1. So which pairs qualify, if the first residue must be in the range 187-212 and farther than 16 Å from Asp168 by Cβ and in contact (Cβ under 8 Å) with a residue 12 or more places away in the chain, the second must be more than 14 Å from the ligand (Cβ to nearest atom) and of a type outside the set (D, E, K, R), the Cβ gap must be under 6 Å, and the two must be at least 6 apart or on different chains?
2. How many residues does the range 171-188 hold that are within 13 Å of the ligand (Cβ to nearest atom) and at positive phi?
3. Give the residue that is nearest to His222 (Cα to Cα), with candidates limited to residues of the range 134-161 that are buried (at least 22 other Cβ atoms within 10 Å of the Cβ) and out of contact with any Lys or Arg (no Cβ under 9 Å at 6 or more places or on another chain).
4. Have a look at Asp151, Asp146, Asp168 and point out the one that is over 23 Å from Leu270 (Cβ atoms) and within 13 Å of the ligand (Cβ to nearest atom).
5. Kindly list the number of the only condition in (1) away from the ligand (no atom under 16 Å from the Cβ); (2) surrounded by 14 or more Cβ atoms within 10 Å (Cβ to Cβ) that fails for Ser227.
6. Scan Asp100, Asp132, Asp105 and give me the residue that is within 16 Å of Trp70 (Cβ to Cβ) and without any contact (Cβ under 8 Å) to a residue 40 or more places away in the chain.
7. Given the conditions (1) without any contact (Cβ under 8 Å) to a residue 24 or more places away in the chain; (2) away from the ligand (no atom under 16 Å from the Cβ), which single one is not true for Asp123?
Amino acid sequence: MGKQLKQLTNRIQYLPHDPATDRPILAAICGRRQTLLVDAGNSDTHAQLFLSELDHCHMTNDHSVVLTHWHWDHSFGANQLNSVIIAHENTKMHLEKMVDYDWSDEALAHRVETGVENQFCADMIKKEFGIDRNITITLPTITFKDEFEIDLGGIRCVVKHVGGDHADDSSIIYVEEEKVLFLGDCLYPSIYAQQPHYTIDHVRQLLETIEMFDADIYVLSHESPLSKADFMGYMMLLKLICDLTEKHKSNHSNLVNELSTLLNRPLSQLEEEIVYCFMNGLSVG
Ligand SMILES: [Zn+2]
């Protein structure tokens, strides 16, 4: 059996993200007494894969799981984990709304039409679960408002609510001893809107909070872990586009021209997309 688990630091292992069905990174932070899992996976199968991988490494001590936010790909595996689930109070609120959802093609299509669900997530749910969509939403056991601290034995994790455009319940997990910051999806744009967007105020507030934590490795759920240098570059880019959006407002070509002059090259596809999301955010307020 191929071992898919990767070592992030001495005491943190992770299962890499998988774009095929939008599976996010799942991680295990291992203390002497307890293991904290970061996110529950997008399905029973995803959660089971993670548990069996952890089993192979003989990581059998008690575990609890913390959810970075309510989105399906981070939470639907929770019922397989048989553990205490820690989440922000809004995460619980959002999940509560979904407990009685019907997951048939018709019901999904209806929710996409009414803007409750987005097309990408609906497609990925169908792909992950196939025809037999037996989805059980498990509600968090412990909720917090602003911050939550858990001592795993020789290693402490701070879970902090940050919100942002992507999801109002987004929370980050800081592991000081390992200098790792788990960001979930908090830095990604909103997806449950007509158009994906970033708002200047939300992004600035988010970056300010993130900067309070000093880490060497930054983990965004749908990409490979980033080094400090790479992450700083990403933060700088977001800050710069905030400033330029404020300056040029909806004048897209002036914004793009100034940004590419500053970067001394044409924009990458990612940069184009970020600018597009900021433009969309102007009308959101
Ligand atoms: Zn998300």
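1. Qualifying pairs under 6 Å: Gln195/Asn280; Ile200/Cys242; Ile200/Thr245; Arg204/Cys242; Leu207/Met235.
2. Qualifying residue count, the range 171-188: 1.
3. Val159
4. Working: Asp151 fails: within 13 Å of the ligand (Cβ to nearest atom); Asp146 fails: within 13 Å of the ligand (Cβ to nearest atom).
Step by step, each of Asp151, Asp146, Asp168 is checked, and only Asp168 is over 23 Å from Leu270 (Cβ atoms) and within 13 Å of the ligand (Cβ to nearest atom).
5. The failed condition is (2).
6. Details: Asp132 fails: within 16 Å of Trp70 (Cβ to Cβ); Asp105 fails: within 16 Å of Trp70 (Cβ to Cβ).
On inspection, the qualifying residue turns out to be Asp100.
7. Here Asp123 clears every test but (2).
Per-residue answers, yes or no, for (1) hydrophobic (A, V, I, L, M, F, W, C); (2) more than 17 Å from Ala193 (Cβ to Cβ); (3) assigned to a loop (DSSP other than H, G, I, E, B):
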residue	(1), (2), (3)
Glu246	no, yes, no
Ser253	no, yes, no
Asn257	no, yes, no
Thr261	no, yes, no
Arg265	no, yes, yes
Glu271	no, yes, no
Cys277	yes, no, no
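The values are calculated or read from the model by the stated rules, or taken from the named source; none is laboratory data. Model, not experiment: these values are computed from the prediction. Here Cβ is always computed from backbone atoms with ideal geometry, including for glycine, and neighbour counts include all displayed protein chains.
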